[in-house]
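Accompanying notes for the structure given below.
The values are calculated or read from the model by the stated rules, or taken from the named source; none is laboratory data. Computed from a predicted structure; not experimentally measured. A quick note on method: Cβ atoms are made from the backbone with ideal geometry, for glycine too, and the neighbour counts reach across all protein chains shown. The protein model used for the area step is the full one, side chains on, heavy atoms only, and it has no ligands, DNA or RNA in it. Shrake-Rupley method; radii C 1.70, N 1.55, O 1.52, S 1.80 Å.
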Amino acid sequence: MTQIYQYAVAALFIEAIVIFFYFQKKSLPTFQNIVFLIILSVITLATFAELGAGYMEEHVAAVSLNCLWIVECIYFTLNSTFGLLFSIYIFSAFDIYGKWKRKTIRAVQVSMLIPYFLCILLIWLTPLLRNVYVLVFSLDPVKGYLRGNNIWFYFLCITKAFYIVLTFTIVVYFHKFIPNSKMQILYFYVIAIASTALIQLFRYGLLIESFGMSLVTLVYFFFIQKPEELLDTATYTLNQTALFRTLRYNLGLNKKFSCIAMYIDDTMFIANTFGINQMNNFLKDVGTFLKQIFSYANVFSLQQGCFCIILRDCDERKLNDVIFALNKRFQKPWERDNVELKLYIRLCIINCPSDANTAEEILDIVNMISSDERYRQSVVFASEIDLKYRRRTIYIEHALRNGLTENRFDVFYQPIWSTAEQKLIGAEALIRLKDDQGHFISPEDFIPIAEKTGAILRIGEYVFESVCLNLSQIDIEEYGIKKIDINLSVAQCMQEILAEQILKIQSIYKVPTSVINLEITETAAAHTPEILLKNMQDLAAAGFELSLDDYGSGYSNMSYMLNLPFKMIKIDKYIVWAAFSDKRAEKALEATIRMIKSIGMTVLAEGVETPEQAEWLTASGCDFLQGFYYSRPIPKKEFLEIMKKTTEESKNSQKK
């Protein structure tokens with residue numbers, strides 16, 4: 001049969017270009033890059049096998065049939081292998097593995113490997129059974145290659161189509177997580193491979209299938225194979241993106257491995273003393289050292305001064321050897337450009353999947369250890385960490401990170417009762433947070449973590465702006481709203497621009513400042529007395545009411561009440577509850593209320609839960625009451641309904 005070699009020769013030319021540039025680039029030994037290199041090798045060998053088989057078929061009388069049998073089987077094997085490998089490559093390059101559960105990965109692997117091994121079995125049984133039965137193809141001493149027009153030959157064709165359809169279907173399913181540029185390249189893969197395979201199927205002798213495979217490889221090399229995206233340019237190790245993919249892949253396959261996080265302390269001091277460039281040079285030396293004793297593919301750099309090392313099948317003895325080797329090297333100084341520096345390290349050992357079973361959880365542990373003062377030890381094992389606290393903290397940190405962007409925060413309102421007017425006159429604005437499942441997380445849990453991470457600043461601004469927005473959308477007098485209490489966190493009070501930010505938001509929504517009462521805790525007053533005093537003076541001058549929150553919960557200081565421009569004192573709920581179970585606490589609370597009233601301030605008591613408490617506190621001189629007896633914190637809509645009903649009832653009673 002006459003063979004047309006031009007396309008196969010062009011394929012070799014394309015493959016030569018890809019091979020040249022592949023080795024010119026800094027290729028990192030990641031799973032994706034390794035698979036791509038194997039694909040490149042398979043395509044090149046398949047093209048040579050196709051050319052060799054074509055030439056031998058044209059000169060069948062002059063060559064050994066046994067040799068032709070082997071070359072044909074090699075070509076079919078390589079051709080079938082390409083489909084399997086490219087599907088695996090696309091799943092890796094498009095980060096599909098990280099989106100699957102372990103069982104799904106296993107199921108997909110089995111569904112891909114079974115038809116592949118059946119194809120290989122059919123291909124190599126073909127020459128063995130040639131005298132008994134024709135399977136994939138046959139060889140004639142005169143005509144040469146003859147296609148086996150039977151179910152076995154078309155099974156190979158169907159398998160190729162299966163890999164294309166499977167890959168396309170799975171990637172399209174996850175298309176929301178994949179950039180459009182990558183999706184377009186996927187379409188090119190499907191069209192190029194399918195069309196060239198069909199042309200060669202119906203026009204045998206036109207060696208075009210290898211051309212389609214090489215063309216697809218060329219496109220993927222220049223548009224998908226970008227090793228620089230996985231490289232940390234400061235240390236020339238793999239970056240956090242590469243670590244995340246590696247972790248998800250290993251966890252997806254249920255492989256046991258250890259992740260060693262190595263923290264270099266005092267990087268800020270090094271940068272301030274020697275300069276950022278010199279610090280990066282030292283970190284580069286550390287990265288080079290780590291790559292020398294560990295495989296390149298196992299060394300990752302995260303934030304400044306933090307490296308991660310992945311060790312597979314690592315037993316206790318090997319782990320101890322690694323810890324010893326690292327500590328031994330860092331006991332010696334590092335030298336560069338006539339500068340000698342001693343670097344101090346801390347290690348965190350995370351055994352997976354026992355200590356952590358998701359990539360996010362591993363990275364959260366790494367980040368937590370780096371910032372948590374409780375774990376500033378030479379070696380910390382993740383198994384020794386307070387797992388319940390850690391997982392709860394990680395869970396809340398995730399919710400906080402996504403809270404504002406995914407609209408999981410909401411402002412609830414707990415109504416406030418006026419003892420003088422005998423009705424509800426406002427509420428305290430309280431932040432609420434939902435997790436991924438829509439369950440509320442207690443403020444007592446997430447507020448301390450938000451303060452530690454700095455998220456409290458955004459939360460505080462969100463609450464204030466949300467209240468201003470809600471008030472600007474209604475007629476305040478119609479709803480009888482005379483005050484809305486808003487908490488200011490310690491972190492907010494430490495900001496010199498606090499008053500400026502609050503006044504800016506208030507001016508945008510044009511909410512009367514007299515309606516808003518800003519609550520400040522004793523802790524905030526103790527932390528930043530000078531900054532706080534300046535902010536409070538500016539806010540009080542603008543017409544905001546200021547109150548001291550949770551009075552009595554800590555070491556109460558009379559100077560806060562006397563020296564800061566507070567108009568109201570809020571008695572902590574625990575003090576209120578204690579007064580109804582202990583006579584001495586009752587006398588103390590009674591005296592406290594009288595003292596606050598005597599210096600011209602109003603009093604609000606929190607935690608009111610029974611009519612007896614409400615009566616006693618009213619009789620003792622409290623101006624405002626707040627607690628479950630009147631209402632739990634409720635959404636805005638319910639709060640406005642209650643206020644409108646209260647206002648209407650009050651008007652009706654006045655008419656009577």
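Take the Cβ-Cβ distance between residue 504 and residue 184 as r, set R0 to 45 Å, and report the resulting FRET efficiency rounded to the nearest 0.05. Efficiency, rounded to the nearest 0.05: 0.50. Heavy-atom surface analysis with a 1.4 Å probe gives the stretch 337-491 a carbon and sulfur content of 47 percent of its accessible area.
I need the shape label for the stretch 194-274. Rule: rounded when a/c is under 1.5, else prolate if a/b > b/c, else oblate, with a, b, c from the alpha carbon gyration tensor. List each step's numbers first, then the result.
Values: a/c = 6.89, a/b = 2.48, b/c = 2.78.
Oblate, since a/c reaches 1.5 and b/c is not below a/b.
The simple Förster model, with R0 at 51 Å and r as the Cβ-Cβ distance, assigns residue 107 and residue 295 a FRET efficiency of 0.95. Taking all pairs of distinct Cα atoms, average 1/r, flip it, and tell me the Kirkwood hydrodynamic radius of the chain in Å to one decimal place. Result for the chain, one decimal place: 31.1 Å. Charged side chains reduced to their Cβ positions (Lys and Arg at +1, Asp and Glu at -1) give the chain a dipole of some 1580 debye around its Cα centre.
Restricting to bridges with both residues inside the stretch 362-485, how much of the DSSP beta-bridge set is antiparallel, in percent to the nearest 5?
On the way: 12 of 15 bridges.
Of all bridge pairs located within the stretch 362-485, approximately 80 percent are antiparallel.
Between residue 645 and residue 147, the distance separating the two model label sites (each 7 Å from Cα on the Cα→Cβ line) works out to 7.9 nm.
In this model, which of 482/570; 570/597; 423/570; 101/434; 25/291; 483/645 are farther than 20 Å apart at the alpha-carbon? Could you put the intermediate results ahead of the total?
On the way: 482/570 17 Å; 570/597 12 Å; 423/570 18 Å; 101/434 25 Å; 25/291 18 Å; 483/645 17 Å.
With Cα atoms farther than 20 Å apart: 101/434.
Each principal axis of the Cα cloud of the stretch 455-539 was taken in turn, and the coordinate range along them, longest first, works out to 40, 22, 18 Å. Computed with a 1.4 Å probe over protein heavy atoms only, the accessible surface of the stretch 80-235 comes to 49 Å² per residue. How many angstrom lie between the C-alpha centres of the stretch 127-186 and the stretch 582-615? For the stretch 127-186 versus the stretch 582-615, the Cα centre distance is 83 Å. Take the alpha carbon gyration tensor of the stretch 37-114, find the square roots of its eigenvalues, order them as a ≥ b ≥ c, and report rounded if a/c is under 1.5; if not, report prolate when a/b exceeds b/c, else oblate. Prolate.
Quantify, in whole percent, the carbon and sulfur part of the accessible surface of the stretch 30-121 (1.4 Å probe; protein heavy atoms only). List each step's numbers first, then the result.
Details: 2710 of 3670 Å².
After summing per-atom areas, the C and S share lands at 74 percent.
Using a probe of 1.4 angstrom, how much of the accessible area of the stretch 581-656 is carbon and sulfur, in percent? Ligands and nucleic acids excluded, carbon and sulfur give 50 percent. As a ratio to 2.2 N^0.38 Å, the alpha-carbon radius of gyration for the stretch 153-307 is 1.49. Computed on the stretch 99-145, the Cα convex hull volume stands at 74 Å³ per residue. Both the radius of gyration and Dmax for the stretch 324-477 are 23.0, 79 Å, in that order, over alpha-carbon atoms.
Over all projection directions, the Cα-based convex hull of the stretch 57-196 averages an area of 9.7 nm².
As I understand it, the dipole of the chain uses +1 on the Cβ of Lys and Arg and -1 on the Cβ of Asp and Glu, about the Cα centre. Which of 128, 366, 154 lies farthest toward its positive end? My answer, from the dipole projection, is 128. For the chain, DSSP calls about 60 percent of its internal beta bridges antiparallel.
Here the simple spin-label model places points 7 Å from the Cα toward Cβ, and for residue 533 and residue 198 these points are separated by 8.3 nm. As a rough guide to protection, the peptides 238-246, 398-406 ranked by mean Cβ packing within 10 Å, highest first, stand as 238-246, 398-406.
Quick one: length gained pulling residue 344 to residue 177 fully straight, 0.36 nm per residue minus the C-alpha distance? Kindly include the intermediate steps, with their values, before the conclusion.
Values: separation 167, 0.36 × 167 = 60.12 nm, distance 4.02 nm.
Stretched fully, the residue 344-residue 177 segment lengthens by 56.1 nm.
Solvent-accessible surface of the stretch 273-355, averaged per residue with a 1.4 angstrom probe and all protein chains in place: 50 square angstrom. Along the axis of the charge dipole computed for the chain (Cβ charges of +1 for Lys and Arg, -1 for Asp and Glu, origin at the Cα centre), the listed residues 333, 546, 383 are led at the positive end by 383. When Rg and Dmax are taken over the Cα atoms of the stretch 400-520, they come to 14.9, 44 Å. Using 0.36 nm per residue and subtracting the Cα-Cα separation, the extra length available between residue 266 and residue 38 on full extension is 77.8 nm. When the chain is described by a simple charge dipole with +1 on each Lys and Arg Cβ and -1 on each Asp and Glu Cβ, the residue from 601, 571, 45 located farthest towards its positive end is 45.
The gain in end-to-end length when the residue 130 to residue 591 segment is fully stretched comes to 155.3 nm, 0.36 nm per residue minus the alpha carbon separation.
With every protein chain left in place, what is the accessible area per residue of the stretch 372-497 in square angstrom, probe 1.4 Å? Display every interim value, and only then the final one.
Values: 6150 Å² over 126 residues.
So the stretch 372-497 comes to 49 Å² accessible per residue, rounded to a whole number.
Summary value for the chain: 9 percent relative contact order, contacts being C-alpha pairs under 8 angstrom separated by 6+ residues. If you plug the beta carbon distance of residue 276 and residue 335 into 1/(1 + (r/R0)^6) with R0 = 22 Å, you get a FRET efficiency near 0.70.
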